[in-house]
Every structure is written in C-alpha cells, then in structure tokens.
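This report concerns only the one structure given below.
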C-alpha cells in the first residue's frame with residue numbers, strides 16, 4: 001500500500017462533497033447610501049436614483065465576496081448576466097475561503 005494514499009482519496013471525497021454545497025449567488029446592480037429618514041419616507045411609486053448607468057458592469061457576489069463582474073443581458077423574457085471578468089477556480093476559492101480562516 002502506498003503511504004498517504006488513503007488520505008488523498010479521503011481529501012478527494014471531501015472536495016467533491018464541498019463542491020455539492022448549494023450557495024446563493026447575488027447580483028449587485030448598484031449601491032447607494034441614504035439617510036434613514038429618507039428611507040423611512042419611501043412609499044409605493046417612489047423612485048430611487050443611482051449614480052450607476054444601466055450599461056455599467058455589475059458584481060456577482062457569493063457570501064458577501066465579489067467573485068466576478070458582468071453585463072446584464074436579456075434571455076427571452078428574463079435577464080441574465082454575461083460574465084466579463086472572473087478569476088481562476090483557485091482565486092475564487094481563495095476569496096470564498098478567506099473568511100473561514102479568519103478567527
């Protein structure tokens with residue numbers, strides 16, 4: 001038997017299990033800071049204007065970490081995101097796991 005072979009197989013199974021965890025992917029179209037008073041006065045029909053153009057890139061976020069940017073596209077009667085910039089698999093994993101390493 002090869003030393004450490006069992007550990008490698010176990011690690012592969014752990015990685016496969018991790019890759020099957022469902023996570024929420026959020027799209028951040030724009031952000032704005034407002035006074036609480038202004039927020040409390042919002043009502044049906046209120047319009048909140050953002051500084052960002054509808055053509056600007058948007059952020060894709062998992063667990064509060066930006067993992068990619070993209071452009072809004074239309075797919076039939078729904079919208080989607082065309083990825084314009086994303087890191088490697090390793091870079092993305094590093095971003096997502098960084099908060100787990102912090103005490």
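Listing for the model above:
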| read-out | value |
| --- | --- |
| Filter result for the condition that a residue is in contact with a strand residue (DSSP E or B) (Cβ under 9 Å, 6 or more places away or on another chain), surrounded by 10 or more Cβ atoms within 10 Å (Cβ to Cβ) and either assigned to a helix (DSSP H, G or I) or at pLDDT below 90 (or both), over 84, 92 | 92 |
| Checklist (1) assigned to a strand (DSSP E or B); (2) without any contact (Cβ under 8 Å) to a residue 24 or more places away in the chain applied to residue 31, failing item | (1) |
| Checklist (1) part of a loop (DSSP other than H, G, I, E, B); (2) under 22 Å from residue 22 (Cα atoms) applied to residue 67, failing item | (1) |
| Residue list for the stretch 52-71, restricted to those being closer than 10 Å to residue 29 by Cα and under 8 Å from the mean Cα position of the chain (by Cα) | 59, 60 |
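The values are calculated or read from the model by the stated rules, or taken from the named source; none is laboratory data. It should be emphasised that the depicted structure is a prediction, and the values quoted were computed from it without experimental measurement. Ideal geometry is used to build each Cβ from the backbone, glycine not excepted, and the neighbour counts take in all protein chains shown.
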